[in-house]
Amino acid sequence: MVLGDLRAAGDGGDGEAMGVRANVIKALDEVTAKIVKRRDLNRCQYCGRISKYLDWAHIYTRGDKRLRWDLNNAVALCRPHHSKLDLSPREKKAWFRDKFPDRAAYLDARRTVACQTVRTTELKSLLRDYRELLDKWEDA
């Protein structure tokens with residue numbers, strides 16, 4: 001699912017209270033982090049080290065709400081490499097483009113799409129989809 005822009009204030013556009021929306025966002029952050037780490041086999045995508053202490057790292061900042069939960073915009077990184085790459089955004093993007101050219105091209109195209117407000121119901125739907133994905137992986 002591709003998401004548009006999240007509003008910084010208001011009720012999410014569908015009558016949901018901000019507290020409900022905040023809880024959905026928190027849960028979605030937690031589930032997305034688990035998916036990224038699992039997809040990347042608990043391995044830092046920069047150095048290859050396997051660790052249970054990995055970060056859910058974004059290529060384009062979490063502040064870009066269109067891409068916050070987009071799995072193409074995320075990698076598992078060990079803390080030292082997450083910090084290193086966040087301090088040098090150009091290096092991060094160049095590294096990502098070299099390692100994941102298809103995902104980089106997707107993100108370039110996705111960032112040019114006009115934003116739409118993401119309703120809380122859409123966030124709940126994405127959360128449900130991501131939870132189902134985790135359940136399938138755990139059953140396999």
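Give the relative contact order (percent, whole number) for the chain; include only Cα pairs under 8 Å separated by 6+ residues.
Reported as a whole number, the value is 35 percent.
Whole-Hz Karplus ³J(HN,Hα) for region 78-84, in order, using 6.51 cos²θ - 1.76 cosθ + 1.60 and θ = phi - 60°, x for Gly and Pro?
Residue by residue, region 78-84 yields 5, 4, x, 6, 4, 4, 4 Hz.
With labels modelled as points extended 7 Å from the Cα through the Cβ direction, what inter-label distance (nm, one decimal) is found for LYS52 paired with THR117?
Label at LYS52, label at THR117, 4.3 nm between them.
Which of the lysines could a cross-linker span from LYS92 if the Cα-Cα distance has to be under 24 Å and same-chain partners fewer than 8 positions apart are dropped?
The reachable lysines, counting only those whose Cα sits under 24 Å from LYS92, are LYS34, LYS37, LYS52, LYS65, LYS84.
Give, in nm to one decimal, the length gained when the segment between ALA27 and SER88 is fully stretched (0.36 nm per residue of separation minus the Cα-Cα distance).
19.1 nm
Just grab the label-to-label distance for ARG97 and SER125, each label 7 Å out from Cα along the Cβ direction, in nm (one decimal).
Between ARG97 and SER125, the simple spin-label model gives 3.4 nm.
How many percent of Cα pairs in region 18-134 exceed 18 Å?
Summing the P(r) of region 18-134 above 18 Å gives 53 percent of all pairs.
List ASP98, ASP29 from most exposed to least, where exposure is judged by having the fewest other Cβ atoms within 10 Å.
Ranked by crowding around the Cβ, least crowded first: ASP98, ASP29.
Bear in mind these aren't lab numbers, they're just calculated from the coordinates by the rules spelled out. Just so it is clear, the model here is predicted, and its values are computed rather than measured. Glycine also receives a Cβ, built like all others from the backbone with ideal geometry; neighbour counts cover every protein chain displayed.
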